[in-house]
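Chemist: Below: one structure in structure tokens.
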Amino acid sequence: MILLTGGTGYIGSHIAVELLQAGNEVAILDDLSNSDKSVIERIQHIAQRNVIFYHGDVRDSSLLASIFQDHHIESVIHCAGLKAVGHSVKDPLAYYDVNVYGSICLCSAMQKAGVKRLLFSSSATVYGIEAEPPYVETMARGVSSSPYGTSKGMVEKLLEDLFASDPQWSVGILRYFNPIGAHPSGYIGELPQGTPNNLMPYISQVAAGVLPELLIYGDDYATDDGTCVRDYLHVVDLAIGHRVALTVLEEPGVHRYNLGTGSGISVKQMVDAFVASIGVEVPYRYAPRREGDLAAFWASASKAERDLGWQPGKTLEDMMVDTWRWQQFSNKAQQSS
Ligand SMILES: NC(=O)c1ccc[n+]([C@@H]2O[C@H](COP(=O)([O-])OP(=O)(O)OC[C@H]3O[C@@H](n4cnc5c(N)ncnc54)[C@H](O)[C@@H]3O)[C@@H](O)[C@H]2O)c1
């Protein structure tokens, strides 16, 4: 059985579906602080399999101990955490508490239970503000622009130290670039609270009329069209990346992988791609740059391809169409609630 923390969240729910469909038993631990219990039914509906759900906090050591006692957990995928970069600047303690202390509690419980295989949701932000794209796994971690990014780097270091102390550990550090899109069924996707921080839900909420216009932060970056460039990948491809990365855990060590497409696309190009794929206008306006945003970064994706045979299979159009299908599902769900 695989224990998946944060499994009702955006990325975790897609991982859960992918694991169940591949025949794995899955237990989810989530405190529902940024997700909804109904996601469990939707995961089960898509996968046509049941999942075990624990409603609880990853910092709850006694709950963790009982989960490891009650199930034969082979590996853990740790997605639970706080993820809003801007919010982390305002409330750093919350980010170090949930992201760092939460990881310490999880690893301690794993150690006590003798479970030493872990995939960790890290982020491209660990490369820091000075790194030149494409980001390669051999680059050192850099200085982050936010407590969120720092918390991810701290957990990476903690996991490296854990392996140094006990070479039986197998740790997969997965550095995500910019996951977007939703499951093609339309049943699960990103569920932002309030005005989205991320581009794709922002675009789709404007297209759906939930928000009046899209603010594009900065049009004077040193990029082709002046807007920021990121490496957007489909969340289903990201979920597949976790399933295949579980195989590297058979080998003890610290395994670092970028999960990105290997190419960058600008914010303006994303808006144009959405309009071209969906045929719905997205009114937008340029606004001042957001503090902490980098001009451009994308992944070197060759290590994951070489070692894991992982390559994103979804197109930009898939990302747009699946986002839009999910937006319509969420609209309907909201209207009927
Ligand atoms: N979405 C991105 O763009 C992105 C990029 C890089 C890395 N990540 C990382 O991937 C992971 C998943 O991100 P996501 O986009 O699915 O976020 P999400 O907020 O949708 O999912 C995180 C889940 O963790 C749960 N959670 C939060 N605190 C918890 C706690 N103390 N105990 C138990 N559960 C808790 C939330 O309820 C939520 O369901 C996070 O660690 C995030 O930092 C995300």
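The values are calculated or read from the model by the stated rules, or taken from the named source; none is laboratory data. All values derive from a computational prediction rather than experimental measurement. When we count neighbours, we look across all protein chains shown, and the Cβ atoms used for this are built from the backbone with ideal geometry, even at glycine. These area figures cover heavy atoms from the full protein model, side chains too; ligands, DNA and RNA do not enter into them. Shrake-Rupley method; radii C 1.70, N 1.55, O 1.52, S 1.80 Å.
Chemist: Every residue in segment 275-295 that is buried (at least 18 other Cβ atoms within 10 Å of the Cβ) and under 19 Å from the mean Cα position of the chain (by Cα), please.
Modeler: Within segment 275-295, just 294 meets the criteria.
Chemist: Would you tally the residues in segment 94-124 being within 21 Å of residue 175 (Cβ to Cβ), of a type in the set (A, V, I, L, M) and not in a helix (DSSP H, G or I)?
Modeler: Final tally of qualifying residues: 2.
Chemist: Return the residue satisfying two criteria in turn: it lies in segment 247-264 and is open to solvent by less than 30 Å² (accessible area, probe 1.4 Å) and of a type in the set (A, V, I, L, M, F, W, C), and of such residues it is nearest to residue 2 (Cα to Cα).
Modeler: Checking each candidate, the answer is 249.
Chemist: Among the residues of segment 94-128, which ones are among the polar types (S, T, N, Q), over 11 Å from residue 149 (Cβ atoms) and open to solvent by less than 50 Å² (accessible area, probe 1.4 Å)?
Modeler: Those that are among the polar types (S, T, N, Q), over 11 Å from residue 149 (Cβ atoms) and open to solvent by less than 50 Å² (accessible area, probe 1.4 Å): 103, 108, 121.
Chemist: Another question about this same structure. Which residue is nearest to the ligand (Cβ to nearest atom), if the candidates are limited to segment 176-207 and must be closer than 27 Å to residue 127 by Cα and of a type in the set (Phe, Trp, Tyr)?
Modeler: 176
Chemist: List, please: which pairs have Cβ atoms under 6 Å, are six or more places apart or on different chains, and start with a residue in segment 78-91 that is within 20 Å of residue 156 (Cβ to Cβ) and end with one that is open to solvent by 90 Å² or more (accessible area, probe 1.4 Å) and near the ligand (Cβ under 10 Å from one of its atoms)?
Modeler: 84/197
Chemist: Check residue 61 against each of (1) farther than 26 Å from residue 196 by Cα; (2) free of Cβ contacts under 8 Å to residues at least 40 places away in the same chain and name the one condition it does not meet.
Modeler: Answer for residue 61: the failing condition is (2).
Chemist: Now, a different point. Got a number for residues in segment 134-162 being β-branched (Val, Ile, Thr) and open to solvent by less than 20 Å² (accessible area, probe 1.4 Å)? Break it down into steps so the answer makes sense when it comes.
Modeler: Restricting attention to segment 134-162, the residues satisfying the condition of being β-branched (Val, Ile, Thr) are 136, 138, 143, 150, 155.
With open to solvent by less than 20 Å² (accessible area, probe 1.4 Å) added as a condition, the list becomes 155.
Residues flagged as β-branched (Val, Ile, Thr) and open to solvent by less than 20 Å² (accessible area, probe 1.4 Å) within segment 134-162 amount to 1.
Chemist: Within segment 15-35, count every residue that is out of contact with any Leu (no Cβ under 7 Å at 6 or more places or on another chain) and within 23 Å of residue 95 (Cβ to Cβ).
Modeler: Result for segment 15-35: 5.
Chemist: Shifting gears a bit: Could you check residue 131 against (1) among the hydrophobic types (A, V, I, L, M, F, W, C); (2) open to solvent by less than 50 Å² (accessible area, probe 1.4 Å); (3) closer than 30 Å to residue 65 by Cα and say which number it fails?
Modeler: It is condition (3) that residue 131 fails.
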